[in-house]
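To keep things clear, I will list the structure first and then write my remarks on it.
The values are calculated or read from the model by the stated rules, or taken from the named source; none is laboratory data. Quick caveat, the model's predicted, so the values are computed rather than measured. Here the Cβ is made from the backbone with ideal geometry for all residues, glycine too, and neighbour counts use every protein chain on show.
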């Protein structure tokens, strides 16, 4: 059971998303830029910046990005954080609290690409922008053994896709990746689309189906760059997947983990009892969010240390 503070924050998040829901269902005449701006402003208030971290806008290749960096300075570690929002309505500003926590705990620079979004820029533009940012970090001189990927929801799926695209392009893979509540199957064909629909307070199958249609713009939902459960995942770096027990996306995440394991990718799957979509954003208020991030940080620290040892 959630504390009063956590419940209030969750309810505030649900209320903040109402303009997005109205737009997705076609009951709002506001433009997408207006809807995104309103949503992001509300989320900035709900999930404020993390103390002791500086934020600035930089370019990662051709893609603008938010750089989160500890005021005391960062070490060698670099995180590419891929934000969620169904490829349609997310934004970097809402993630200052989360990226600030990662920057502080890992003593790292965290880059969050402000990739272009549907419907103005449908598939594959968001994925291509994210990969452009990844490639640019490597080209800037960042060593792959110092680079890790983290993402939530749509960004969680892109963690896997970035590794695949790097593998296929013949460029170095990161040291590891963490997928938080990944939206890994846009066909929503798993059992949780039925058993968890109406339980997850933040996502319904009907809403996700409309988001997917907006993003895909006619492309099939099973395209491997949109739904990594249908992708060849051989040869990827170690991956941690965290998913809430109450999430509509549960089946996609567990199937993704199984596919990765069968492909001999070092994979860790955590299914969190009673948790909802991207509960991690409630860090500092919700103990399960703090513990999940703690686990993710330990996983990344271990991967970064292993890569440094092997690369010597």
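Data table
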quantity: Residue 12 vs. criteria touching a helix residue (DSSP H, G or I) at 6+ places or on another chain (Cβ under 7 Å), surrounded by 14 or more Cβ atoms within 10 Å (Cβ to Cβ) and under 30 Å from residue 209 (Cβ atoms); calculated: yes
quantity: Some residue of region 153-161 being over 20 Å from residue 272 (Cβ atoms) and either touching a strand residue (DSSP E or B) at 6+ places or on another chain (Cβ under 8 Å) or in contact (Cβ under 8 Å) with a residue 40 or more places away in the chain (or both); calculated: yes
quantity: Residue match in region 54-64 (condition: buried (at least 20 other Cβ atoms within 10 Å of the Cβ) and modelled with pLDDT of 95 or more); calculated: no
quantity: Hits in region 106-118 - residues which are surrounded by 17 or more Cβ atoms within 10 Å (Cβ to Cβ) and either in a helix (DSSP H, G or I) or within 16 Å of the chain's Cα centre (by Cα) (or both); calculated: 106, 110, 111, 112, 113, 114, 115, 117
quantity: Residue in region 52-72 that is nearest to residue 136 (Cα to Cα), counting only those that are in contact (Cβ under 8 Å) with a residue 24 or more places away in the chain and part of a loop (DSSP other than H, G, I, E, B); calculated: 61
quantity: Pairs, first on the phi < 0 side of the Ramachandran plot and in contact (Cβ under 8 Å) with a residue 60 or more places away in the chain in region 1-29, second surrounded by 15 or more Cβ atoms within 10 Å (Cβ to Cβ) and assigned to a loop (DSSP other than H, G, I, E, B), C-beta under 6 Å, six or more apart; calculated: 5/285; 6/285; 6/286; 9/285; 20/89
quantity: Qualifying residue in region 293-308 (condition: modelled with pLDDT under 95 and either closer than 30 Å to residue 9 by Cβ or buried (at least 20 other Cβ atoms within 10 Å of the Cβ) (or both)); calculated: yes
quantity: Checking residue 145 against (1) closer than 30 Å to residue 214 by Cα; (2) buried (at least 18 other Cβ atoms within 10 Å of the Cβ); (3) out of contact with any strand residue (DSSP E or B) (no Cβ under 6 Å at 6 or more places or on another chain), the condition it does not meet; calculated: (1)
quantity: Number of positions in region 256-292 that are surrounded by 21 or more Cβ atoms within 10 Å (Cβ to Cβ) and outside any loop (DSSP other than H, G, I, E, B); calculated: 9
quantity: Exclusive hit being within 30 Å of residue 3 (Cβ to Cβ) and at pLDDT 95 or above, set 236, 256, 282; calculated: 282
quantity: Hey, residue 202 within 24 Å of residue 25 (Cβ to Cβ), outside any loop (DSSP other than H, G, I, E, B) and either out of contact with any helix residue (DSSP H, G or I) (no Cβ under 6 Å at 6 or more places or on another chain) or at pLDDT 95 or above (or both) or not; calculated: no
quantity: Filter result for the condition that a residue is buried (at least 22 other Cβ atoms within 10 Å of the Cβ) and part of a helix (DSSP H, G or I), over 237, 253, 226; calculated: 253
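Yes/no per residue for (1) part of a strand (DSSP E or B); (2) under 18 Å from residue 60 (Cα atoms); (3) at pLDDT 95 or above:
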{"site": "87", "(1), (2), (3)": "no, no, yes"}
{"site": "93", "(1), (2), (3)": "no, yes, no"}
{"site": "120", "(1), (2), (3)": "no, no, yes"}
{"site": "130", "(1), (2), (3)": "no, yes, yes"}
{"site": "135", "(1), (2), (3)": "no, yes, yes"}
